[in-house]
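Undergrad: Below is the structure I would like to discuss, written out as structure tokens.
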Amino acid sequence: MIKLVASDLDGTLLLNGAQALPEELFPLIRRLKENGILFVAASGRQYPNMKRLFAPVLDDMAFICENGALAIQNEQVLYQDQFDAELAKEILKAIYEKEEAEFSCATKDFYYIMPKTRHYLELMTEVVKTNSRVIRSFDEITEPCMKLAVYERGGVTEESIRYWRDRFSDRCTVVTSGFAWVDFIPFGTNKARGLKEYQKRLGIRPEECAVFGDEYNDIEMLKATPYGFAMKHAKPGVREAAAWSTERVEPVLEALIRTKGDIEEVLKNVQ
């Protein structure tokens, strides 16, 4: 029986660039809880942004934020990872010096950004609606940094991914996180780390979890349970990491509710 469901957001619950969750999701999260199934949002996004997205059901769920660098339930921080400060500044300076690249530096409560363009400032503050602090100097970065990200407006190319991996993959994990983003996270930090923390705290086994994702930053989480669902539009490497696939998350959640968590019954229809 399934006791925990974890789902990525962008490209999984948020499709086609959407910045608001489908209204049908909120009653599903409440009904999952009524059936003894914890819903966990697992994203590269920051906690304040995720709180806004899930405002109607905050007391009914839990969070894995910043690609697994932070886990929070009912406002309690379960753990928080952080970058080596000198490595973080080296990466941020490299991003800032690269043409047409923008950075974000994630702390628990806000992002540090140093926008080169109006587009990026508006993307972060008005479109994605992150809590962001605009800085003019790297010396203004004083809070511990959990995750770094590079944004490339035209989309991250294979050449760009190789560039960032060649520069930094020997000192941290470098992973794509959507069409225009590459994330830098400390070794050992990933969404599966958050998933395992909830399993340990709640006494839930890997086979009692179902997870959903679409990007390379979801792979560890998809592999952490026999019931990993990759979105059908996911990249081939992501689909290969998951045992199952689906076009949308909500129908699987509905089936879990209908069967009271009996995943084997659910999979009869998924096949």
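The values are calculated or read from the model by the stated rules, or taken from the named source; none is laboratory data. Here the structure is a predicted model, which means the values were calculated and not measured. Cβ placement follows ideal geometry from the backbone for every residue including glycine, while neighbour counts extend to all protein chains displayed. The protein model used for the area step is the full one, side chains on, heavy atoms only, and it has no ligands, DNA or RNA in it. Shrake-Rupley method; radii C 1.70, N 1.55, O 1.52, S 1.80 Å.
Undergrad: Assuming R0 = 25 Å, can you tell me the calculated FRET efficiency for the pair GLU250 and GLN19, based on Cβ-Cβ distance, to the nearest 0.05?
TA: Numbers: r = 18 Å, r/R0 = 0.71.
The formula returns an efficiency of 0.90 here.
Undergrad: Also, quick follow-up: Using a Förster distance of 51 Å, how high is the FRET efficiency between LYS129 and ARG205, based on the Cβ-Cβ distance and rounded to 0.05?
TA: Details: r = 37 Å, r/R0 = 0.72.
My answer for the efficiency is 0.90.
Undergrad: Expressed as a whole percentage, what fraction of the accessible surface of the range 1-54 belongs to carbon and sulfur atoms when a 1.4 Å probe is rolled over the protein heavy atoms? Display every interim value, and only then the final one.
TA: On the way: 1000 of 1980 Å².
Here it works out to 51 percent.
Undergrad: Here's another thing I want to ask about it. Assuming 0.36 nm per residue, please report the length gained on full extension of the stretch ALA55 to LYS93 beyond their Cα-Cα distance. Before the final figure, lay out the partial values.
TA: Details: separation 38, 0.36 × 38 = 13.68 nm, distance 3.50 nm.
Residue separation times 0.36 nm, minus the Cα-Cα distance, leaves 10.2 nm.
Undergrad: List the chymotrypsin sites (Phe, Trp or Tyr not before Pro) within the range 143-182 that DSSP assigns to loop and that have no more than 15 neighbouring Cβ atoms inside 10 Å. List each step's numbers first, then the result.
TA: Working: sites: TYR151, TYR163, TRP164, PHE168, PHE179, TRP181; in loops: PHE179.
Answer by residue number: PHE179.
Undergrad: Report the residues of the range 23-55 in range of a label on ALA180: point 7 Å along Cα→C-beta, backbone N strictly under 20 Å from it.
TA: 43-47, 49-50, 53
Undergrad: Okay, moving on. May I ask you to compute the full-extension gain from LEU78 to THR117, defined as 0.36 nm times their residue separation minus their alpha-carbon distance, rounded to one decimal in nm?
TA: On the way: separation 39, 0.36 × 39 = 14.04 nm, distance 3.60 nm.
Extra length from LEU78 to THR117 when fully extended: 10.4 nm.
Undergrad: Which residues in the range 215-254 have a backbone N closer than 12 Å to a point placed 7 Å from the Cα of LEU267 along the Cα-to-Cβ line?
TA: What the label zone holds, given the 12 Å backbone N cut-off, is 225-229, 243-245.
Undergrad: Using the Cα centre of the range 192-271 as origin and beta-carbon charges of +1 (Lys, Arg) and -1 (Asp, Glu), tell me which of THR225, TYR198, ALA210 is placed farthest towards the positive end of the dipole.
TA: The residue sitting most towards the positive pole is TYR198.
Undergrad: As I understand it, the dipole of the chain uses +1 on the Cβ of Lys and Arg and -1 on the Cβ of Asp and Glu, about the Cα centre. Which of LEU53, THR173, LEU123 lies farthest toward its positive end?
TA: Final value for the positive-end residue is LEU53.
Undergrad: Are there GluC sites (Glu not before Pro) in the range 1-98 that DSSP puts in a loop and that have at most 11 other Cβ atoms within 10 Å, and which ones? Mind showing how you got there, number by number?
TA: Values: sites: GLU23, GLU24, GLU34, GLU66, GLU75, GLU86, GLU90, GLU97; in loops: GLU23, GLU24, GLU75.
Passing sites in the range 1-98 are GLU23, GLU24, GLU75.
Undergrad: Could you give the size of the charge dipole of the range 46-196 about its Cα centre, using +1 on the Cβ of each K and R and -1 on the Cβ of each D and E, expressed in debye and rounded to the nearest 20?
TA: Details: 20 positive and 24 negative charges, 32 e Å.
My answer is approximately 160 debye.
Undergrad: Let me ask something else about it. What does the charge dipole of the chain about its Cα centre add up to, to the nearest 20 debye, if the Cβ of each Lys and Arg holds +1 and the Cβ of each Asp and Glu holds -1? All intermediate terms of the calculation are to be shown ahead of the outcome.
TA: Numbers: 36 positive and 43 negative charges, 72 e Å.
In debye, rounded to 20, the chain gives about 340.
Undergrad: A further question follows. On average, how much accessible surface per residue is there in the chain, in Å², for a 1.4 Å probe, leaving out ligands, DNA and RNA?
TA: Values: 12200 Å² over 271 residues.
Computed with neighbouring chains in place, this is 45 Å² per residue.
Undergrad: Say R0 is 41 Å: what FRET efficiency, to the nearest 0.05, do ARG167 and LYS260 get from their beta-carbon distance?
TA: Numbers: r = 49 Å, r/R0 = 1.21.
It comes to 0.25.
Undergrad: So for the chain, taking the charge dipole from beta-carbon charges (+1 Lys/Arg, -1 Asp/Glu), which of THR107, VAL182, ASN35 sits furthest toward the positive end?
TA: ASN35
Undergrad: Same structure, new question: Within the set LYS129/LYS191; LYS3/LYS33; LYS200/LYS268; LYS3/LYS223, which residue pairs have Cα atoms separated by over 19 Å?
TA: Numbers: LYS129/LYS191 22 Å; LYS3/LYS33 9 Å; LYS200/LYS268 29 Å; LYS3/LYS223 17 Å.
Violating the 19 Å limit, Cα to Cα: LYS129/LYS191; LYS200/LYS268.
Undergrad: For the range 178-221, what % of the accessible area comes from carbon and sulfur atoms, probe 1.4 Å?
TA: Numbers: 910 of 1650 Å².
Reported share for carbon and sulfur atoms: 55 percent.
Undergrad: How large is the charge dipole for the range 115-183, taken about the Cα centre, if only the Cβ atoms of Lys, Arg (+1) and Asp, Glu (-1) carry charge, to the nearest 20 debye? Provide the component values of the computation, followed by the final result.
TA: Details: 11 positive and 11 negative charges, 19 e Å.
In debye, rounded to 20, the range 115-183 gives about 100.
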